[in-house]
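Each remark here refers to the structure printed beneath this line.
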Amino acid sequence: MEAILEQIFNGVIDGDQEDVEQNVQKALDQNLPPAKVLNEGMIAAMTEVGRRFEEGDYYVPEMLIAARAMQAGLAVLKPHLLQADIKTTGKVAMGTVSGDLHDIGKNLVMMMLEGAGFEVTDLGTDVSVQKFVEAVRSGDADIIGMSALLTTTMSNMKSTVDALVEAGLRERVKIIIGGAPVTEEYARSIGADGYAPDASRAVALAKSLMV
Ligand code: B1M
């Protein structure tokens, strides 16, 4: 791995925001592809943070400062992940489901969707079923995107799909889901229109649903 990517990786793990910001900029100055910086530097580091948490070497505060360092790096990376002058291809309302505060993956998916020309509304984290339903009712969404990182909150995706059916709004909107514990099979089982394992495949999925 390039030395600079290793520095970014270590910076995220150590939760050193300033270091991560500076090294992401340096990597871009060295013309490393933004996707490589993201995947091999930052996402790989968060996977390692998760592993350390599971092993009991890291606790919530370490996870939180690592997340802040990643977000600081993402802010530097964002303009480089976006492409200019792309026509809007649809409206997406996106949120992390009720009970779930993880938002890095959601933010990344939103960034990439914006980059692909979608008009994206951020519903935030801990989004109630009702708030998703309202986003569809108000006509603000061709696609609803739901993210969940906890096995305990995934079931709120199903509650949202069920509530949209009950409100007679299901046919008006496409529903896509993702997040670490979510699978293609789960998406099918709850009646969502699709699942994506990562941000770039979420963009491809969203595009395919708009044609
Ligand atoms: Co949490 N946490 N956390 N955490 N956390 C996980 C998810 C965990 C797997 C760690 C572990 O045990 N290994 C574990 C969940 C276990 C489980 O349920 N199976 C866990 C736990 C247990 C918890 C708490 C319960 C801990 C506690 O309090 N005891 C607690 C819950 C709080 C809550 O939400 N109510 C908690 C808290 C936190 C922090 C607040 C400290 C922090 C989040 C900060 C933030 O998001 N602002 C945090 C973090 C950072 C993590 C890990 C380490 C990293 C998550 C992350 O940002 N990954 C995580 C371990 C891990 O995932 N390896 C862990 C990077 C991000 C780019 O990836 O979000 O997967 P991800 O998104 C990807 C894809 O999944 C996909 O695209 C993204 C880009 O490629 N994707 C979509 C995501 N959403 C999508 C939507 C789509 C399509 C694709 O369409 C709509």
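The values are calculated or read from the model by the stated rules, or taken from the named source; none is laboratory data. Being a predicted model, the structure only gives us computed values, none of them experimental. Methodologically, a virtual Cβ is constructed for each residue, glycine included, from the backbone with ideal geometry; neighbour enumeration extends over all protein chains shown. What goes into the accessible areas is simple: the full protein's heavy atoms, side chains included, and nothing from ligands, DNA or RNA. Shrake-Rupley method; radii C 1.70, N 1.55, O 1.52, S 1.80 Å.
On the protein heavy atoms, probe 1.4 angstrom, tell me the percent of accessible surface of the stretch 146-198 carried by carbon and sulfur. The C+S portion of the solvent-accessible surface of the stretch 146-198 is 49 percent. The tail of the calculated P(r) for the chain, taken as Cα-Cα distances beyond 29 Å, holds 27 percent of the pairs.
What you get for the stretch 116-211, charging only the Cβ of Lys and Arg (+1) and of Asp and Glu (-1), is a dipole of about 140 debye around the Cα centre.
Rounded to whole Å, the principal axis extents of the Cα atoms in the stretch 7-125 read 46, 41, 18, largest first.
At a probe radius of 1.4 angstrom, the accessible area of the chain per residue rounds to 49 square angstrom. Taking amide H atoms as placed 1.01 Å from N in the peptide plane, the amide H of T125 lies under 5 Å from those of T96, each 5 or more residues away in sequence or on another chain. Maximal additional length on extending the V60-A3 stretch stands at 17.7 nm, based on 0.36 nm per residue less the C-alpha distance. A simple spin-label model places the labels of R170 and T121 2.2 nm from each other, with each point 7 Å out along Cα-to-Cβ.
With 0.36 nm allotted per residue and the present C-alpha distance subtracted, the R52-R188 stretch has 45.8 nm of extension available.
Diagonalising the gyration tensor over the Cα atoms of the stretch 102-186 and scaling each eigenvalue by 5 before taking the square root yields semi-axes of 18, 17, 11 Å, largest first. Residues of the stretch 97-112 falling in the label zone of D198, defined by backbone nitrogen less than 19 Å from a point 7 Å along Cα to beta-carbon, are 103-112. For the chain, the dipole from Cβ point charges (+1 on Lys and Arg, -1 on Asp and Glu) about the Cα centre works out to 860 debye, to the nearest 20.
Computed from the C-beta positions of A180 and D29 and an R0 of 45 Å, the FRET efficiency is 0.90 to the nearest 0.05. Candidate cross-link partners of K207 among the lysines, defined by an alpha-carbon separation under 19 Å and a same-chain spacing of 8 or more, comprise K87, K91, K106, K174.
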